[in-house]
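A.B. asks: Can you keep this structure in mind? I'll have questions shortly.
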Amino acid sequence: MHDGSQPIATAIPEHVGIIMDGNGRWARQRGLPRIAGHEAGTENIRRITTRAAELGIGYLTLWAFSTENWRRPPDEVAGILSILARAIESETAELHRQGARLQHIGSLEGLSSDLCRSIRDAIELTHNNDRITLTLAFNYGGRAEIVSAVRAIVAAGIPADQITEETISAHLFTTAMPDPDLIVRTSGEFRTSNFLIWQAAYAEYVFSPVLWPDFGPDELDDAVSEFGRRERRFGGLMGMAPAQPAQV
């Protein structure tokens, strides 16, 4: 157990992505409606962001709602959208005080004008902060992102023989961010589920059995410690490009 007051003595990933899974099961285990799980999961965002900043993680990307989630029952989708709207209103000021810069990746299509305005206002309020960049992947899908990038490249008239990996990366939603070093999926599922599929080509994965609402600072510390034990080779030989230990 870590007291949460100091960084842990291990390599610290610059960019961590989290697939926040298990809200529905968390609620079912407690005899609660599924929407209660989504509320508990949303309330967990602040404490994980706080701990990530304490660790020195520069970028934290949380997958809140996928393009496939629109297939869920309409009342659940409406509830998730309502929770997001309330969370932006209630949490932005505190995240701003903590020095978090808020970003959104995905599409705003299908969201209400009020919710879109709240998202844009939160991004504008926090855009000068630099302690940690918190990105919410909302109405996001990795394949849809790549399709969007290809369309933008075609629209720009870039010749086929001039399209490189860098060209595609520059047209993704995440163009201003480094690729993720570590991706965590909670709830014991072993799937990447269309999350940052281009950017995560060389990411380390940690699959935690803990349901997202219960995934706290200690679990984040465990995932970062596991990352620190990995030797990242990026296709090279053993001993090349290891993760560098943080200064504590």
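A.B. asks: Farther than 24 Å from G110 by Cβ, in contact with a Gly (Cβ under 9 Å, 6 or more places away or on another chain) and either open to solvent by less than 10 Å² (accessible area, probe 1.4 Å) or part of a helix (DSSP H, G or I) (or both) - does that describe any residue in the range 163-175?
C.D. replies: So far as the range 163-175 goes, no, none of its residues is farther than 24 Å from G110 by Cβ, in contact with a Gly (Cβ under 9 Å, 6 or more places away or on another chain) and either open to solvent by less than 10 Å² (accessible area, probe 1.4 Å) or part of a helix (DSSP H, G or I) (or both).
A.B. asks: Out of the residues in the range 219-238 that are assigned to a loop (DSSP other than H, G, I, E, B) and open to solvent by less than 50 Å² (accessible area, probe 1.4 Å), which is modelled with the highest pLDDT?
C.D. replies: By that ranking, first place goes to R232.
A.B. asks: Consider only pairs whose beta carbons are under 9 Å apart and that are at least six residues apart or on different chains; among these, list those whose first residue lies in the range 149-172 and is within 23 Å of L196 (Cα to Cα) and whose second residue is open to solvent by 90 Å² or more (accessible area, probe 1.4 Å) and modelled with pLDDT of 95 or more.
C.D. replies: Between residues of the range 149-172 that are within 23 Å of L196 (Cα to Cα) and residues that are open to solvent by 90 Å² or more (accessible area, probe 1.4 Å) and modelled with pLDDT of 95 or more, the close pairs are H171/R151.
A.B. asks: Now a separate question. Scanning for something outside any loop (DSSP other than H, G, I, E, B), without any contact (Cβ under 8 Å) to a residue 60 or more places away in the chain and under 17 Å from the mean Cα position of the chain (by Cα), does the range 127-134 turn up at least one residue?
C.D. replies: no
A.B. asks: Please identify the pairs in which a residue from the range 17-30 that is in contact (Cβ under 8 Å) with a residue 40 or more places away in the chain has its Cβ atom under 7 Å from the Cβ atom of a residue that is among the acidic types (D, E), counting only partners at least 6 apart or on another chain.
C.D. replies: From the range 17-30, the pairs are D21/E189; W26/D214.
A.B. asks: With respect to R185, is the statement that it is of a type in the set (K, R), touching a residue at least 40 places away in the same chain (Cβ under 8 Å) and either surrounded by 14 or more Cβ atoms within 10 Å (Cβ to Cβ) or at positive phi (or both) true?
C.D. replies: yes
A.B. asks: Let me ask another. Restricting the search to the range 111-151, which residues are open to solvent by 60 Å² or more (accessible area, probe 1.4 Å) and small (G, A, S)?
C.D. replies: Hits for the range 111-151 are S112, S113.
A.B. asks: Determine whether the range 2-15 contains at least one residue that is more than 21 Å from P178 (Cβ to Cβ), surrounded by 20 or more Cβ atoms within 10 Å (Cβ to Cβ) and in contact (Cβ under 8 Å) with a residue 12 or more places away in the chain.
C.D. replies: no
A.B. asks: Any chance you could count how many residues in the range 99-122 are in contact with a Lys or Arg (Cβ under 7 Å, 6 or more places away or on another chain) and more than 14 Å from A87 (Cβ to Cβ)?
C.D. replies: 1
A.B. asks: Using the structure shown, decide if A200 is among the hydrophobic types (A, V, I, L, M, F, W, C), in contact (Cβ under 8 Å) with a residue 60 or more places away in the chain, closer than 30 Å to I8 by Cβ and part of a loop (DSSP other than H, G, I, E, B).
C.D. replies: Yes.
A.B. asks: Is there a residue in the range 13-28 that is farther than 25 Å from G188 by Cβ and either touching a strand residue (DSSP E or B) at 6+ places or on another chain (Cβ under 8 Å) or at pLDDT 95 or above (or both)?
C.D. replies: Yes.
A.B. asks: Can you name every residue in the range 186-206 that is of a type in the set (S, T, N, Q) and more than 14 Å from the chain's Cα centre (by Cα)?
C.D. replies: Within the range 186-206, just S187 meets the criteria.
A.B. asks: If a residue must be buried (at least 19 other Cβ atoms within 10 Å of the Cβ) and either without any contact (Cβ under 8 Å) to a residue 24 or more places away in the chain or in contact with a Leu (Cβ under 6 Å, 6 or more places away or on another chain) (or both), how many such residues does the range 204-218 contain?
C.D. replies: Adding up the residues that qualify gives 1.
The values are calculated or read from the model by the stated rules, or taken from the named source; none is laboratory data. As the structure is a computational prediction, the values presented were derived from the model and not from experiment. Note: ideal-geometry Cβ built from the backbone for every residue, glycine included; neighbour counts use all protein chains shown. Only protein heavy atoms, including side chains, enter the accessible area calculation; ligands, DNA and RNA are left aside. Shrake-Rupley method; radii C 1.70, N 1.55, O 1.52, S 1.80 Å.
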